[in-house]
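Read the structure below first, then the notes.
Quick note: the coordinates plus some simple rules give every number you see, no bench work behind them. This is a predicted model, so every value here is computed, not measured. Counting neighbours? That spans all protein chains shown, and the Cβs are built from the backbone with ideal geometry, glycine included.
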């Protein structure tokens, strides 16, 4: 369906604000997703601070052309954008929905901190654990040598008594 010139200009303005205000943008390939599933996904994304919009590929290419480093990934099929000021959250959430809605949603690539990323690279970024988990892992790394020392000292004390 053809859209009016005014509507295209409004979409281009929205895409300009997306590219200027987002730390990460994920190109989402969606196909055959029901309206109910799309609505549920949008509300869950919104709760996580991730925005979601559908735009024509030609408008996406026009808005993002010569803006970011690297080469734009090949966008095939129906494309939507998931974006946020959080660098990892859009990719993580879309990856979670891709697992839930198999064959309906997939990561098609994206933009991470001003650089185009391929599908594989964005999937790898989506695999990074959330910040609280990373903090817990860091605390565990710091705690490990101390815990080993305490266990050793406990065994020495048990041996002497």
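Here segment 102-137 is scanned for amide nitrogen atoms under 18 Å from the site 7 Å beyond the Cα of residue 76 along Cα-to-Cβ, giving 103-110, 117-123. Max-minus-min Cα coordinates of the chain on each principal axis give 87, 35, 24 Å, with the largest extent listed first. Considering only 47, 55, 126, the mean-square fluctuation computed in a Gaussian network model of the chain, springs between alpha carbons under 10 angstrom, is largest for 47.
Note on 138, 27: ascending count of other Cβ atoms within 10 Å places them as 138, 27, the fewest first. DSSP bridge analysis restricted to the chain gives an antiparallel fraction near 95%, rounded to the nearest 5. Using r as the Cβ-Cβ distance of residue 115 and residue 139, and R0 as 35 Å, what FRET efficiency do you calculate, to the nearest 0.05? About 0.70, to the nearest 0.05.
Computed from the C-beta positions of residue 100 and residue 4 and an R0 of 41 Å, the FRET efficiency is 0.70 to the nearest 0.05. Cβ-to-Cβ counts within 10 Å put 107, 156, 128, 79 in ascending order as 156, 128, 79, 107, the fewest first.
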